[in-house]
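A short write-up of the structure that comes next.
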Amino acid sequence: MLTEAQRQDLQQRFGERLSLSASVREAHGRDESFYPPAPPDAVLMAETEAEVLAAVAWCHRERVPLIPFGAGTSLEGHVLAVHGGLCLDLTRMDAILRIDAADLTVTVQPGVTREQLNAQLRDQGLFFPIDPGANATLGGMAGTRASGTNAVRYGTMRENVLMLRAVLPPGQVLRCGSRARKSSAGYDLARLLVGSEGTLGVITELTLKLHPLPEQVAAASVQFPSIAAAVQTCITVIQSGIPIARCELIDANAVRAVNAADHLGLPESPMLLLEFHGSPLGVREQVERVQALAAEQGGTRFDWAATPEARSRLWQARHRAYWSAIQTRPGCRCLTTDVCVPISRLAECVDQTLAEAEAEGLPYFVVGHVGDGNFHVGFLIVDAAEREQAQALSDRMVQRALRLDGSCSGEHGIGLHKQAYLLQEAGEPALAAMRAIKAALDPHGVMNPGKVFAAS
């Protein structure tokens, strides 16, 4: 809780860009997770790196928690001010600073959204491929090491951040990486900050890899008699070395939800959404091979989205699955979890998880970036009893993934929800090393406290 003297000091330093309004604080104390809101004591709308530097230095000196905030689309409670403090809203730092088409790089401020960036790049025949669904800020995507539907071909934020600037306590600007595509110069601090969830510093600038827009793009949906058949098709496609751009799974419950929300008229059965990038000849070859593999697993209705508008609608339906599912049960919250397993164990993990969900009778839906072994289950809950039931199912799903040499979080991060699993996955020596890094870079523990690490 800020003291009156601290509030006055912040107001004097930052003027009208500091808000103490209850409504503004409430809006910055929630994300898309199932957790109740936890508002900060104040919100600062930063516009420059110098203001970020001043805010971080002030919080370090005053021992006040600081929580970086972008679009607020995280799913694990990352932006909740569980200890109060100052929320640092970075959405006004939204400039695209430099496009280097020859080097296939772009430099942006953290408040730039992925849709904003790609709209700017389109005329140059380039795009940024990381697509988590939500129109998140690139700073937030780096902070949570986001990935999404294109990761099977283009990688995650970890692979696509070349260089960044970040402000660390007690108030210093750190530049990490370079615009070169590789380097062996010292510790990889950029990769350390990507995925740190705001617990080490505040990212103020990012240099990202770009990719040429493909000569041809083809997208299709394929129906399957079962989840297992859809998953096995995906496994076979990946193991065959077919360079597919996207391979997304949605179950019958998710299809039913997007049909109701967007009136798509899709058959309500498990479905793969596929996308192919390349030359016309290469795309045609990919399509033929995938069609044959899908048919072996009972895949039917290979429906094409032939125009850019049709493709956009198809992928919009996939991205809206979360919000569409919530609409099917008025008044519910969604407890969602994701895991990632080796591709060879994916079918086993999905089958066992869904068998348990069906046995419990709790409403759920499944979506997944199954091309890289990552899938999500969302449980639609309305009360404390159902939350406990859903949490038990989520726990068993995570434990299963860990037994299969997978990860407790494929792309959502740790936040508040998965702290206990991080210890299981990484082990005590690794967690001790992480805590040592945290203590070295943030000695007063003011950077997004309560996230990643369980209280020790």
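The values are calculated or read from the model by the stated rules, or taken from the named source; none is laboratory data. These numbers were taken from a predicted model, which means no experiment stands behind them. When we count neighbours, we look across all protein chains shown, and the Cβ atoms used for this are built from the backbone with ideal geometry, even at glycine.
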Go through region 32-67 and report how many residues are free of Cβ contacts under 8 Å to residues at least 40 places away in the same chain and either of a type in the set (D, E, K, R) or in a loop (DSSP other than H, G, I, E, B) (or both).
2
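Which residue out of ILE227, ILE244, ILE238 is farther than 15 Å from ASP372 by Cβ and hydrophobic (A, V, I, L, M, F, W, C)? Before you say what the answer is, go through the steps one by one.
Numbers: ILE244 fails: farther than 15 Å from ASP372 by Cβ; ILE238 fails: farther than 15 Å from ASP372 by Cβ.
Matching residue, one of ILE227, ILE244, ILE238: ILE227.
Here is a yes/no grid of residues against (1) touching a Leu at 6+ places or on another chain (Cβ under 9 Å); (2) among the small types (Gly, Ala, Ser):
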{"residue": "VAL24", "(1), (2)": "no, no"}
{"residue": "VAL43", "(1), (2)": "yes, no"}
{"residue": "ALA46", "(1), (2)": "yes, yes"}
{"residue": "VAL52", "(1), (2)": "yes, no"}
{"residue": "TRP58", "(1), (2)": "yes, no"}
{"residue": "ALA71", "(1), (2)": "no, yes"}
If the requirement is being crowded, with 21+ Cβ neighbours inside 10 Å and at pLDDT 95 or above, which of these qualifies: VAL79, VAL152?
VAL79
Return the total of residues in region 10-26 being touching a residue at least 40 places away in the same chain (Cβ under 8 Å) and closer than 16 Å to GLY84 by Cβ.
2
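For region 107-152, give me each residue that is touching a residue at least 12 places away in the same chain (Cβ under 8 Å) and of a type in the set (D, E, K, R). Lay out the reasoning, then the answer.
Pass one, region 107-152, residues touching a residue at least 12 places away in the same chain (Cβ under 8 Å): 107-117, 120-122, 124-152.
Of everything in region 107-152, those that are touching a residue at least 12 places away in the same chain (Cβ under 8 Å) and of a type in the set (D, E, K, R) turn out to be ARG114, GLU115, ARG122, ASP131, ARG145.
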Taking THR199, is it in contact with a Ser or Thr (Cβ under 6 Å, 6 or more places away or on another chain) and closer than 30 Å to LYS438 by Cα?
no
Read through the list (1) buried (at least 22 other Cβ atoms within 10 Å of the Cβ); (2) in contact (Cβ under 8 Å) with a residue 40 or more places away in the chain; (3) on the phi > 0 side of the Ramachandran plot, then give the number of the only condition that ASP405 fails.
(1)
Test for ALA392: is it modelled with pLDDT of 95 or more and more than 18 Å from ARG246 (Cα to Cα):
yes
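Within the bounds of region 238-253, is there any residue that is hydroxyl-bearing (Ser, Thr, Tyr) and surrounded by fewer than 20 Cβ atoms within 10 Å (Cβ to Cβ)? It would help to see each step written out before you state the result.
Of all residues in region 238-253, those hydroxyl-bearing (Ser, Thr, Tyr) come to 240.
Pick out the ones that are also surrounded by fewer than 20 Cβ atoms within 10 Å (Cβ to Cβ) and you get 240.
The answer is yes; a qualifying residue exists.
Of all strands (runs of 3 or more DSSP E) completely enclosed by region 160-217, which ones contain at least 1 residues that are crowded, with 24+ Cβ neighbours inside 10 Å and among the hydrophobic types (A, V, I, L, M, F, W, C)? Don't jump to the end; show me each part of the working.
Details: elements: 161-168, 172-177, 202-209.
So the answer is 161-168, 202-209.
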When VAL366 is evaluated against the numbered criteria (1) part of a strand (DSSP E or B); (2) at pLDDT below 90; (3) touching an Asp or Glu at 6+ places or on another chain (Cβ under 6 Å), which criterion, by number, is the only one it fails?
(2)
Quick one: GLY450 ticks every box in (1) outside any loop (DSSP other than H, G, I, E, B); (2) of a type outside the set (D, E, K, R); (3) at pLDDT 95 or above bar one, so which box is it?
(1)
